[in-house]
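In what follows, a structure is listed as structure tokens, so that the remarks can point back to it.
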Amino acid sequence: MEGCVVTDLKVHSQHNCYRLSPEQMQAIQDQGVLVRLEPGTNIVKLREGGFGYTANDNAEPAVLLWIYGGKFVNKKTNVEVNATWTSLNGFDDALVVEVIDPATLCAFFFDTHVGDNEGELTLSVVRI
């Protein structure tokens, strides 16, 4: 394809890892909104809302998710794990997890300055 430029990035599991301390992980879990995921197929979607950096900004529908404490399969990867990070980006995005043992979903947002943030999101978790 003419004019196409491909750049490959290799992300190393140790050299390119920002380590979170146990205290930082606990702070994320304390700050986030928590819900227990029960066994079965759970679908997590953004339902409405978004975050903006000021009242005049467009609200971005995005949220970070930390899932931990049980066994589950993220259907995007089909890998059984007991913890994972993921994000939902936009209203068309969804997370589908097959929960084997109950797990906890923690939803949150990272920022360097929260004082100018506006808005909120609503997530729906549907177990089928």
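Going by Cα centres, the stretch 92-128 and the stretch 5-78 are how many Å apart?
7 Å
With +1 on the Cβ of every Lys and Arg and -1 on the Cβ of every Asp and Glu, and nothing else charged, how large is the dipole of the chain about its Cα centre, in debye rounded to the nearest 20?
Here the size comes out at about 560 debye.
When the helices in the chain are scored as -39500 (n - 2.57) per DSSP H run of 4 or longer and the sum is shared across all residues, what 222 nm value do you end up with, to the nearest 500 deg cm²/dmol? Walk me through the intermediate numbers first.
Details: 1 runs with 10 residues, N = 128.
Computed ellipticity for the chain at 222 nm equals -2500 deg cm²/dmol.
Two decimals is fine: what's Rg over Rh for the stretch 22-75, C-alpha atoms, Kirkwood radius as Rh? The partial results should precede the final answer.
On the way: Rg = 14.4 Å, Rh = 13.9 Å.
Reported Rg/Rh, Kirkwood definition of Rh: 1.04.
How large is ³J(HN,Hα), in whole Hz, for each residue of the stretch 105-119 in order, when computed from phi with the Karplus curve 6.51 cos²θ - 1.76 cosθ + 1.60 and θ = phi - 60°, using x for Gly and Pro?
Result, ordered by residue: 9, 10, 9, 7, 9, 8, 6, 8, 8, 8, x, 9, 6, 9, x Hz.
Averaged per residue, what accessible surface does the chain expose to a 1.4 Å probe, in Å²? Walk me through the numbers on the way to the answer.
Details: 8900 Å² over 128 residues.
So the chain comes to 69 Å² accessible per residue, rounded to a whole number.
Would you work out what percent of the accessible area of the stretch 46-107, with all protein chains in place, is carbon or sulfur (probe 1.4 Å)? Could the numbers behind the result be given before it?
Numbers: 1530 of 3250 Å².
It is 47 percent, rounded to a whole number.
Show the residues, 5+ positions off or on another chain, whose built amide H is closer than 5 Å to the amide H of Gly70.
Thr104
Over the chain, what relative contact order in percent results from Cα pairs under 8 Å that are six or more residues apart?
Values: 244 pairs, mean separation 45.0, N = 128.
Reported relative contact order: 35 percent.
Translational diffusion coefficient of the chain at 25 °C, 0.890 mPa s, Stokes-Einstein with Kirkwood Rh over Cα pairs, in µm²/s as a whole number. Write down the numbers at each step before the final one.
Working: Rh = 16.5 Å.
D, rounded to a whole number, is 149 µm²/s.
State the answer as a single residue: which of Ala94, Thr77, Gly50 lies farthest towards the positive end of the charge dipole of the chain, with beta carbon charges of +1 for Lys and Arg and -1 for Asp and Glu, about the Cα centre.
Highest projection toward the positive end goes to Thr77.
The values are calculated or read from the model by the stated rules, or taken from the named source; none is laboratory data. Everything numeric here is computed off the predicted structure, so don't read it as measured data. Here Cβ is always computed from backbone atoms with ideal geometry, including for glycine, and neighbour counts include all displayed protein chains. Only protein heavy atoms, including side chains, enter the accessible area calculation; ligands, DNA and RNA are left aside. Shrake-Rupley method; radii C 1.70, N 1.55, O 1.52, S 1.80 Å.
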